[in-house]
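Nothing in this text is a laboratory measurement; each read-out follows from the coordinates by a stated rule. Not measured: the values here are computed from a predicted model. Positions of Cβ are backbone-derived with ideal geometry, glycine not excepted, and every protein chain shown enters the neighbour counts.
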Amino acid sequence: MTAEEAAEAVRMLKPRVVIPMHYGAIVGSVEDAHRLAALVGELAEVRIYEPRGAPA
């Protein structure tokens, strides 16, 4: 899902909080997560967490 597609999902579903997942590990980048936050604006709180490395 692109940042634009995710922003459209936010507009449709109206969540209070959005947490981008898998960026940088599977697809996308941290820049994509920040682009999502910019696209969403005031519609929802976007929480971007720093990735922690590979699971054990």
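Determine, for VAL40, VAL17, the number of other Cβ atoms within 10 Å of each Cβ, and report the residues in order from fewest to most.
Details: VAL40 19, VAL17 8.
So the residues, fewest neighbours to most, are VAL17, VAL40.
So what's the projected area for the chain, the Cα convex hull averaged over all directions, in nm²?
On the way: hull surface 15.4 nm².
For the Cα atoms of the chain, the hull's average projected area reads 3.9 nm².
Can you put ARG35, ARG11, ARG16 in order of Cβ neighbours within 10 angstrom, beginning with the fewest?
Going from sparsest to densest Cβ surroundings: ARG16, ARG11, ARG35.
For VAL46, VAL27, what's the fewest-to-most ordering of other Cβ within 10 Å of each Cβ?
VAL27, VAL46
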